[in-house]
1. Would you mind counting up the charge near residue B:227? Only other residues with Cβ under 11 Å from its Cβ, with Lys and Arg at +1 and Asp and Glu at -1.
2. About the Cα centre of the protein assembly as shown, what is the dipole size in debye to 20, counting +1 per Lys and Arg Cβ and -1 per Asp and Glu Cβ, all else neutral?
3. Which one of B:520, B:473, B:452 has its Cα pushed farthest toward the positive end of the charge dipole of segment B:437-525, where Lys and Arg give +1 and Asp and Glu give -1 at the Cβ?
4. What Kirkwood hydrodynamic radius do you get for segment B:547-586 when you take the inverse of the mean 1/r over all pairs of distinct Cα atoms, in Å?
5. Please compute, for the alpha-carbon atoms of segment B:393-452, the extent along each of the three principal axes and give them in descending order in Å.
6. Under a point spin-label approximation (7 Å from Cα along Cα-to-Cβ), what is the residue A:22-residue B:586 distance to one decimal in nm?
7. Provide the descending list of Cα extents for segment A:85-161 along its principal axes, expressed in whole angstroms.
8. Could you let me know the centre-to-centre spacing of segment A:49-91 and segment A:105-133, using Cα atoms, in angstrom?
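Each value in this text was obtained by applying a stated rule to the coordinates, not by laboratory testing. Worth saying up front: this structure is predicted, and the values here are computed from it rather than measured. Virtual Cβ from ideal backbone geometry, glycine too; neighbours counted across all protein chains shown.
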Amino acid sequence: MKKGKTNIVFQGTKEQEEQLLDFISRWKGEKGALMPILQKAQSIYGYLPIEVEEMIAEELNLSLEEVYGVVSFYSQFTLNPKGKYAISVCMGTACYVKGAQLILDELSKKLGIKPGGITPDGKYSLDATRCLGACGLAPVMVINGQVYGKLKVEDLDKILQKYN
Amino acid sequence: MIRSHVLVCGGTGCVSGGSGKIIAVLEQELKKQGLNQEIKVIETGCFGLCELGPVMVVYPEGAFYSKVRPQDIPEIVSEHLLKGRIVKRLLYQETVGSDSVQSLNNTVFYKNQQRNVLRNCGAIDPENIEEYIAFDGYRALGKALTEMTPRQVIDTVKRSGLRGRGGAGFPTGLKWEFAAKNDAPQKYVCCNADEGDPGAFMDRSVLEGDPHAVLEAMAIAGYAIGSSQGYLYVRAEYPIAVERLGIAIRQAKEYGLLGSNIFNTGFNFDLELRLGSGAFVCGEETALMTSIEGRRGEPHPRPPFPALKGLFGRPTILNNVETFANIPQIILRGADWFASIGTEKSKGTKVFALGGKINHTGLVEIPIGTPLRKIVEEIGGGIPNGKKFKAAQTGGPSGGCIPASLIDTPIDYENLTAIGSMMGSGGLIIMDEDNCMVDMAKFFLTFTVDESCGKCIPCRVGTRRLYELLEKITSGRGELADLDRIEELATYIKANALCGLGQTAPNPVLSMLRYFREEFVAHVVEKRCPAGVCKDLLTYSIDPEKCRGCTLCLRECPVGAITGTVKQPHRIDINKCIKCGSCQEVCRFGAVIKA
């Protein structure tokens, strides 16, 4: 998945920083510590802005390039913050066979953003995700952890209304 | 005294369908009726019949309630659990007998299966190690450590004929033997739980439903090859599995079944969980190890093989979840028992995640060698809406399709390879006549283009070019020579890509071209998509002769592309139309034409 740099100003708090540094200090010296630390950092900040990557590189005595290289390699790591309502449409094969593309296209049109994007007000973000494993409910989308299955294009308006 | 057990499925499918809420309401209702001391609610792993989720079973009767909603719970509690009257209307239809409840094992879905790997899924509470122990859990580890030498363990696995369930089918015992032979101060046992095939969820269900089986097997493998440290690499997209694995590891350590001096034998084995972060290539063994090391998950050429130089440069074995899940039973029941199941060269059972256009979406485990027809027509319950079976995809983006003409093929490693598909990890996606094979080939390539790590050019550039050729065809700009170009390029990529991802990426398009060439030709020559999927090649219109002006389609259209007044023929504005097909679905007069 393509990754662009965000234009949103970093607003990390002191508390978040302490939480991250504490986690890093527990992992420092362990083999292969970078991935778990990045995963923790993303769960703290919601995304991995360059400021956070710098902090991690500094603490682990790695170059920023190395950290950024890993972040940009894995699709779960995001350089952009997610919307207040994060919408993910499953694009696994089972969902695709049952029309997930139509769902994604329609959401993209309704929200005016492409998959991977976020609305200018920061309210909605839209992603096409890998298989979520809920194939019995295909096609599936997830909004902030709530799963909607057996979707039809006609259902979308009603569902989106709940997230206003 | 507990007189009844209620087992509620806590697999991802049912949880997504609301089983968490069902458990909450159930417990609340039981309390209200004063039954919480005599009836126990257990959240289990996946039952397999995901299509009917959320599901729950009440024992001792074995009453199987399907598609349960929270509002059904008060009735089940007051009628069944309090008064002993089974609520027939909520039972899975096939289990309703004339005067009694039929056993779930007699339904077509279950009776044609042989559930060895999945034996505990849906039967035990995966978050309680004692339930696993009660089902013979950790007995195999005990037997291996106290009654067998490492050599004997390896021999047993070798003689069983078990082959890697991740897809390639390499003999597991042989892999262990190689690693055992290489002396090193530290060796590693890794478990590949980075189930990347989109539309496959076998491994996830095992991890969610029976996590200890995998831990136990990894410890046995550690004993066999002389390793004291294991890593379990699991997808971050599987939060329930990650959580249950964490609990399982903690409990096993508390019980002394992981850690140091296991069963007082002096054998030490520790296990750590590592999370993937969404990279398909990390299912490839060398890439997976690089990822555990905390780097970009790029593969590297073999040799050296991991058995010699793997994780952190040490001898390492890497097996997939399902492979490991077979091990404890092989140790307990013996190599001969395992080798008696399956075909000559492919032993045991295989779990498939059955999905797509099939009535019983879910998880099935069959003896290897079962014909595809049995899986589709009997276990799977056939194709919905009276449609025709067109093809089945195995092996996901690395595999190929099995067309209707080969539906009687017995499923094993050799047969599938011979017809241009592969066993794969177990994704089995059924397609019907409404699925376009050119579009499906393009779908799989979108996936591999996106997931190509970029290290080698045949994969990075080659798959992109293949994709562009398919894009050209589906948008109506294709020419016949493109079909030859696809074949030429695909063959080149297969021969030259660095790792398994690239070498297998052209498989779907090649097999679809092999069996559905006429469909590709229709796109190219007639500029027509026979299945009616490729949007650039079709338009919707309304036949003014047939339209009665009922306004149903007008109201149904999500984008307001249909205009017209009552009792007058309607029209579709093709500039607004998103070709979703809902107008055609609702029209009662067959007036909407897709061409």
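1. With Lys, Arg at +1 and Asp, Glu at -1, the net is +1.
2. Dipole magnitude for the protein assembly as shown comes out near 1180 debye.
3. B:452
4. 9.9 Å
5. 33, 27, 16
6. My value for the distance between the label points is 5.5 nm.
7. Result, largest extent first: 34, 23, 20 Å.
8. Taking the Cα centre of segment A:105-133 as reference, the centre of segment A:49-91 is 19 Å away.
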